[in-house]
Amino acid sequence: MKLPFLLLPLGLALAIPADAQKKTSSLPEFQIKKSETEAHIRFLAGDELMGRRTGEQGNFVAARYIAEQFRKLGVVPVPGNTETGTSSYFQRVPFEKMGASGPGEIAADAEIMKSGTDWLLMAGDAVDLKAPLVYASFGLENAAKSWDDYKGLDVKGKIVLVESGTPETQTPSEIIATSTEKRKIAQEKGAIAVIELFNAPIPWNTVSKFFAGEKISLAEGTATKSIPHAWVNGKEAKFARALRAVKEVTFKTSGRVAKPIYSYNVAGYIPGTDTKLKEEYILLSAHYDHVGVGKQGGQTYTPEDSIFNGARDNAFGVTALLTAAEALAKNPPKRSIVIVALTGEEVGLLGSKYYAAHPIMPLNKCIFNMNSDGAGYNDTTIVSVMGLDRTGARAEIEAACKAFGLGVYADPSPEQGLFDRSDNVSFAKEGVPAPTFTPGFKEFNGDIMKNYHQVTDHPETVDFNYLLKFSQAYTYATRLIADRKTAPQWSAGDKYEPAAKKLYGK
């Protein structure tokens with residue numbers, strides 16, 4: 001028996017003939033060394049990068065590192081990415097950074113609501129208002145559904161009271177997604193402030209803790225002065241009753257000062273080898289930002305260790321991305337590859353939202369997105385995949401993992417709705433089949449949460465043997481999908497299938 005065959009993982013050796021095994025084992029992803037993947041994660045999650053918070057210096061250093069790795073490996077800038085006037089790896093993403101929510105109160109007759117405990121200011125400058133209050137249901141308009149919550153209402157010079165979310169859903173992601181739109185509509189109609197009754201099925205103290213501090217959002221084109229917009233604890237019945245009953249309220253706030261900042265998505269390109277199929281591409285993605293230092297992290301820290309290094313979330317996924325860049329640049333597959341390291345995931349999937357709205361290459365030529373992200377792992381024998389059975393590439397993902405001695409576990413902790421909580425969902429909403437390739441776990445437990453968004457998430461605590469196998473499997477799965485004769489498809493009836501039909505014209 002020849003030596004190359006002996007070195008192959010047993011699962012692959014049993015699956016394919018000896019001559020094919022030898023050919024497969026010569027692929028670059030089978031030659032990656034542990035020292036290479038370890039070096040990536042040690043740099044990206046090092047103390048010197050200060051938690052890689054979006055828009056801060058450590059975040060810029062990480063972006064530069066990724067770009068220079070692309071250059072070194074022979075991954076070229078994506079054709080057409082010339083924002084800076086020359087071909088570039090960087091896609092500039094404009095943000096607005098808002099300071100912490102300050103003191104204030106909302107008074108509805110005798111009911112006094114205090115800022116920080118009973119309500120939060122989401123946007124707006126300092127004001128001291130006493131004005132009529134007008135209820136406008138969900139505060140939305142939808143011409144396609146003949147739905148207009150402002151029909152027959154005059155809100156000019158008045159404060160608008162709205163419900164959170166939409167009639168269909170009160171999920172946190174939907175509330176956040178629609179909140180800015182509600183403020184924009186109200187402002188366009190002449191309202192002077194918005195009060196939104198927050199009713200998501202999560203504890204108010206969690207909402208308050210998360211949103212009261214520094215807030216980053218995508219910049220909305222030309223900067224305009226925002227009217228005050230408050231989220232009131234709508235699950236507190238007395239507040240909801242008081243606001244729905246009164247005709248006039250007092251609204252006082254010290255405001256939230258906003259300033260423009262920016263960060264970058266880092267994008268590279270590997271042209272495919274097939275004359276026809278290279279016109280299509282696979283999009284590889286992983287976010288490289290994390291939560292920063294001290295109070296920015298939102299969790300316990302000490303003077304001795306206040307840096308949220310983010311080794312698992314998500315230097316781990318970026319290491320897989322760089323492994324794919326190295327191997328696929330050396331031996332490209334039939335379809336082209338676009339590799340994007342995304343910023344702003346930790347502040348609301350903002351880098352991927354921006355990229356999906358401003359793709360450097362047309363999304364209708366993107367047949368698949370393989371995202372990599374994770375909170376951590378507790379099983380180094382498997383890879384967990386969100387959307388494995390929804391996105392049409394189970395066979396390739398399982399074969400790739402098997403080649404490196406790993407099993408595959410589909411959609412752990414379904415109650416967490418994890419498919420819609422990472423950057424893949426920004427592309428899924430556009431119609432692109434988009435699973436997330438995640439370090440192995442079957443349920444959330446202490447082993448996951450012990451390091452998730454904690455200062456203990458250091459590179460030294462990572463299993464480097466597992467990191468190597470994970471990164472190799474991610475790369476090989478990408479190759480197998482890129483070499484398919486036909487593109488993967490959403491499962492029939494999936495909620496994102498209509499978007500796919502619109503995107504691809506099928």
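Peptides 114-123, 334-343, ordered by how many other C-beta atoms sit within 10 Å of their residues on average, highest first, read 334-343, 114-123. The spacing between segment 326-377 and segment 474-505, judged by their C-alpha centroids, is 14 Å.
When the C-alpha to C-alpha distance is required to be over 18 Å, the pairs from Lys353/Lys485; Lys353/Lys501; Lys276/Lys485; Lys156/Lys225; Lys33/Lys469 that qualify are Lys353/Lys485; Lys353/Lys501. The helix-only estimate of mean residue ellipticity at 222 nm for the chain, built from DSSP H runs of length n ≥ 4 each weighted as -39500 (n - 2.57), is -8500 deg cm²/dmol after division by the residue total.
Which angle between 0 and 90 degrees, to the nearest 10, do you get for helix 34-44 versus the longest principal axis of the chain when only C-alpha atoms count? The two axes meet at around 20 degrees. Residue by residue, segment 481-497 carries 3J(HN,Hα) couplings of 5, 5, 8, 4, 5, 10, 6, x, 10, 4, 4, 4, x, 4, 5, 9, 4 Hz when phi is fed to the Karplus relation 6.51 cos²θ - 1.76 cosθ + 1.60 (θ = phi - 60°); x denotes Gly or Pro. How far, in degrees from 0 to 90, does helix 57-73 lean away from the longest principal axis of the Cα atoms of the chain, to the nearest 10? It works out to around 30 degrees. For Ala230, the amide hydrogen comes within under 5 Å of the amide hydrogens of Met122, Val194, Ile195, Glu196, counting only partners 5 or more places away or on other chains and with H modelled in the peptide plane. Distance between the pseudo-spin-label points of Ile112 and Asp274 (7 Å out from Cα toward the beta carbon): 7.0 nm. The orientation-averaged projected area of the convex hull spanned by the Cα atoms of segment 270-403 comes to 10.1 nm². Computed from Cα positions, the angle between helix 172-188 and the longest principal axis of the chain comes to roughly 50 degrees. In the full protein context, segment 291-379 carries 28 Å² of accessible surface per residue, based on a 1.4 Å probe and ignoring ligands, DNA and RNA. Counting heavy atoms of the protein chains alone, Arg42 has an accessible area of about 100 Å² for a 1.4 Å probe. Across segment 178-303, the convex hull enclosing all Cα atoms gives 228 Å³ per residue.
The values are calculated or read from the model by the stated rules, or taken from the named source; none is laboratory data. Please read these numbers as outputs of a predicted model, since none were measured by experiment. Here Cβ is always computed from backbone atoms with ideal geometry, including for glycine, and neighbour counts include all displayed protein chains. Ligands, DNA and RNA are stripped out before the accessible areas are found, and what is left, the full protein with its side chains, is counted by its heavy atoms. Shrake-Rupley method; radii C 1.70, N 1.55, O 1.52, S 1.80 Å.
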